[in-house]
1. Got a sec? What order do Leu75, Leu101, Leu59 fall in by accessible area at 1.4 Å, biggest, i.e. largest, first?
2. Take every DSSP beta bridge with both residues inside the chain and express the antiparallel ones as a percent of the total, to the nearest 5.
3. For the pair Glu93/Asn109, report the inter-label distance in nm, with labels modelled 7 Å from Cα in the Cβ direction.
4. Across the stretch 91-102, in residue order, what do the Karplus-derived ³J(HN,Hα) couplings come to in whole Hz, using 6.51 cos²θ - 1.76 cosθ + 1.60 with θ = phi - 60° and x for Gly and Pro?
5. Mind ranking Met163, Met36 by accessible surface for me, highest first, 1.4 Å probe?
6. Report, in debye and to the nearest 20, how large the dipole of the chain comes out about its Cα centre when Lys and Arg carry +1 and Asp and Glu carry -1 on their Cβ.
7. Just how much of Glu143 is accessible, in Å², when a 1.4 Å probe is used and the result is rounded to the nearest 10?
8. Considering Cα pairs under 8 angstrom that are at least six residues apart, work out the relative contact order of the chain and quote it in whole percent.
Amino acid sequence: MVSNIFPILAYGVPSLTKKSTPIEYKSDIQELISDMFATMYKAGGIGLAAPQIGKNIQLFIIDISHIKDHEEGHLFYKSVFINPEIIEETGEEWEFTEGCLSLPGIMINVKRKPIVKIKYFDENWNQKEIEVDRMLARVIQHEYDHLKGILHIDYATDLKKKMLKKKVSEIRSGKANVNYKMRFLS
Ligand code: ZN
């Protein structure tokens, strides 16, 4: 089976700032999931949320297996999250510089809590509840935000936003220099 590579929505396209709706229990989304993985790998990402390909449904995927090896939680480095719900975020906030496929070249320091408890369905519609931390937690938090219509740039300071204004407007108008397929606000 040949995978479909979706264009990734660029900042400015409305789907990115909309809230996503739950997926009907046991819907067949296997093909969509494998297309999302193919799309994410092609773009060199470590996470991709359905709104980024224009689907406002509660689904995101992650794969951090190439950047992490032996930490606890490795079973979840490559995961599919359907209808996820973050139950609890705990610990002292830590700052990390995040990127986002929808905002190429825009790096934002985001403070997040290190420990996340999340409930979700996996790709086989098995319900799971896991507690994860650090990088794994952060990637999950970033993707989870996408389902709420929140982007990493929303956490930037006003000064940072001002500094990024030109770059952001280039992204919005399709002038961003990217090596993967994107869909811009036309
Ligand atoms: Zn993102």
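1. Working: Leu75 135, Leu101 25, Leu59 0 Å².
Most to least solvent-accessible, the answer reads Leu75, Leu101, Leu59.
2. Just about 90 percent of them are antiparallel.
3. 1.2 nm
4. My calculation for the stretch 91-102 gives x, 6, 3, 10, 9, 8, 8, 10, x, 8, 4, 7 Hz in order.
5. Numbers: Met163 130, Met36 0 Å².
Listed by decreasing accessible area, they come as Met163, Met36.
6. Details: 26 positive and 25 negative charges, 236 e Å.
Rounded to the nearest 20 debye, it is 1140 debye.
7. Its accessible surface works out to 10 Å², give or take rounding.
8. Values: 346 pairs, mean separation 52.0, N = 186.
Across the chain, relative contact order equals 28 percent.
The values are calculated or read from the model by the stated rules, or taken from the named source; none is laboratory data. Fair warning: this is a prediction, and the values are worked out from it, not measured in the lab. Positions of Cβ are backbone-derived with ideal geometry, glycine not excepted, and every protein chain shown enters the neighbour counts. Areas reflect the complete protein model, heavy atoms only, side chains present, ligands, DNA and RNA absent. Shrake-Rupley method; radii C 1.70, N 1.55, O 1.52, S 1.80 Å.
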